[in-house]
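Inspection log for the structure reproduced underneath, given as structure tokens.
The values are calculated or read from the model by the stated rules, or taken from the named source; none is laboratory data. All of these numbers come straight from a predicted model, not from anything done at the bench. Glycine gets a Cβ as well: all are built from the backbone with ideal geometry, and neighbour counts include every protein chain shown.
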Amino acid sequence: MKRLHAIVCSVTFMASSLYGQVVLRPESFRHYVEEFRQQEKLVTGSLGNDSYDWMAANVPLFESSDKDFNELYYFRWYAFQKHVVHSEKYGYLITEWLPKPESQDGAYGVLPDAAPFHLREARWLRTPEIAADYARYWLKPEADPWKYSVPLADAFYQVTLATGSRDRGRDNLSALMQYAEHWDATQRDSNGLYWSIDTRDAMEKSISGDGYRPTLNSYMVADARAIAALTDDADLRTKFARKADLLRNLVHERLWNVKDQFYEVVSPAADSGIRKQKKFVDPGTQMEFAGVRELIGYIPWTYGIATPDQDIAWKQLFDPQGFDGKFGPTTAEKRSPRFRFASSDQCTWNGPMWPFATTQTLTALAELLQTRGTSSISSNEYYKLFARYVLAQHLALPGGQSIPWIDEDRDADADDWIARRMLREMNKQVGRGNYYNHSGFADPLITGLLGIRPEPGDTLHIHPLLPAGTWQYFALDGLPYHGHLLTLIYDRDGAHYRKGRGLRVWVDGKIAAHREEIGPLAVRLPGTKRP
């Protein structure tokens, strides 16, 4: 028996060493996978696949004193794994809806609208080819990345910030520039702004409708900056940096509604190319604000577009007449006369809570709080937003049990996944939104709540947004970063992990930095190993 125990301990140690963990062990979280499989059977009638081996090999381990966050973290990876497929033609792909093997083009039905979320999540997996292959797919001629508005160049850049290698971004630089120039040629008007149909923003049936939206215009600022950061050509760097600055100024001048103190949609000019589009719904005005605050108005903060005097907009996030909701922010302000206007469409962006939009908002708020801070909102509100996001991702079963779940849109104040309910009532496409991969979770938690801020160079800055006193402890273990494996531990009194009190960072199993209280921390990485 002692010999068997020794063998088991040895195998356990080797497995944990292989994946670079300092304090956490994959087998400690295996029970989640079995629970999720059984819950899947309750909902769909079929036992879920056993994804433990994949998760143990790929997923950085996480634990905290908040069990709800722990469970959701592993659930979202359980759901994410369902969407990771390997195509003989393209390599790894990541789907939005559950994969469609019958897809004639070998692409399993992938769509670009949530691709930036997919890439930000996948950059933390220990199989770097997943993000690399998927990113390259969107630059192939047959991929049609312009079907939805996305910051694709920025998504490439975000992956390189985590891997520490710009090579993959530089290798695709020509295609990324062509991607950006296509938007210029097809959807940029003579006034310098980009127009978009709300459906092509993946935000159909919005109150604001079509026109110059904060979405695509912000994405194009981000893409221009990303290309400037990736290139080694000084002239190209200057060209795209200037493009970003020009568009940033236009977003300030044209899309900031001084009266509402918010970034809003503006109706297109008389000569706008959008007026030739069959799906364009004419608001009957030209260059006028839609007059409604929508959650997309926070996107400019994601890319450092907004200025400090505009931070007042964040007071709307928890305003009862603004975006405040029990299960997360509404996509449009509640005070609008058209809030939740009647629609037979299951997918509406006129007020429901959308995980897609909540992910964007978490990312935007983290960028604000970690880069310059503001008196308009704090890390306490950030945590409140994240906790509601965790609460939202559950499904109430007929017997009263509540299980982790992710679907399409949901009521922000009632226990109702809207599209799921409507489809069941119509007996049409039932289960369409099961495990819907249309948002992020691990990346906002890693980069925002826990504070890992990917950046060029060999110094890593960590800026946790977890308010002091909220959790007794947390650990993020075996996180791939710049060719290393990181461990981040916070232990309020040192009693839980017995590695010392406060915030501590290990690089490849060696202590690299620490501080006594939770807060910003700089870590100097050893000679960086490129993947």
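Structure summary
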{"quantity": "Selection within the stretch 465-497 - farther than 17 Å from Asn70 by Cα, in contact with a strand residue (DSSP E or B) (Cβ under 8 Å, 6 or more places away or on another chain) and not in a strand (DSSP E or B)", "calculated": "His482, Arg492, Gly494"}
{"quantity": "Breaking point among (1) buried (at least 16 other Cβ atoms within 10 Å of the Cβ); (2) more than 19 Å from Tyr389 (Cβ to Cβ), for Ser343", "calculated": "(1)"}
{"quantity": "Residues of the stretch 394-415 satisfying the condition of being touching a residue at least 40 places away in the same chain (Cβ under 8 Å) and in a strand (DSSP E or B)", "calculated": "Leu395, Ile403, Pro404, Arg410"}
{"quantity": "Per-region count, the stretch 47-70, residues out of contact with any helix residue (DSSP H, G or I) (no Cβ under 7 Å at 6 or more places or on another chain), more than 24 Å from Tyr389 (Cβ to Cβ) and either among the hydrophobic types (A, V, I, L, M, F, W, C) or not in a helix (DSSP H, G or I) (or both)", "calculated": "2"}
{"quantity": "Pairs, first among the aliphatic types (A, V, I, L, M) in the stretch 34-50, second part of a helix (DSSP H, G or I) and at pLDDT 95 or above, C-beta under 8 Å, six or more apart", "calculated": "Leu47/Arg37; Leu47/Gln38; Leu47/Glu40; Leu47/Lys41"}
{"quantity": "Options Gly291, Gly297, Gly351; residue that is within 27 Å of Ala442 (Cα to Cα) and either touching a His at 6+ places or on another chain (Cβ under 7 Å) or part of a loop (DSSP other than H, G, I, E, B) (or both)", "calculated": "Gly351"}
{"quantity": "Residue among Val258, Val221 that alone is surrounded by 22 or more Cβ atoms within 10 Å (Cβ to Cβ), under 21 Å from Ile296 (Cβ atoms) and hydrophobic (A, V, I, L, M, F, W, C)", "calculated": "Val221"}
{"quantity": "Any chance Arg76 is in contact (Cβ under 8 Å) with a residue 24 or more places away in the chain and over 17 Å from the mean Cα position of the chain (by Cα)", "calculated": "no"}
{"quantity": "Residue in the stretch 52-66 that is in contact with an Asp or Glu (Cβ under 9 Å, 6 or more places away or on another chain) and either at pLDDT below 95 or surrounded by fewer than 17 Cβ atoms within 10 Å (Cβ to Cβ) (or both) present", "calculated": "no"}
{"quantity": "Scan of the stretch 416-431 for residues that are under 19 Å from Ala357 (Cβ atoms) and in a loop (DSSP other than H, G, I, E, B), ordered by number", "calculated": "Asp416"}
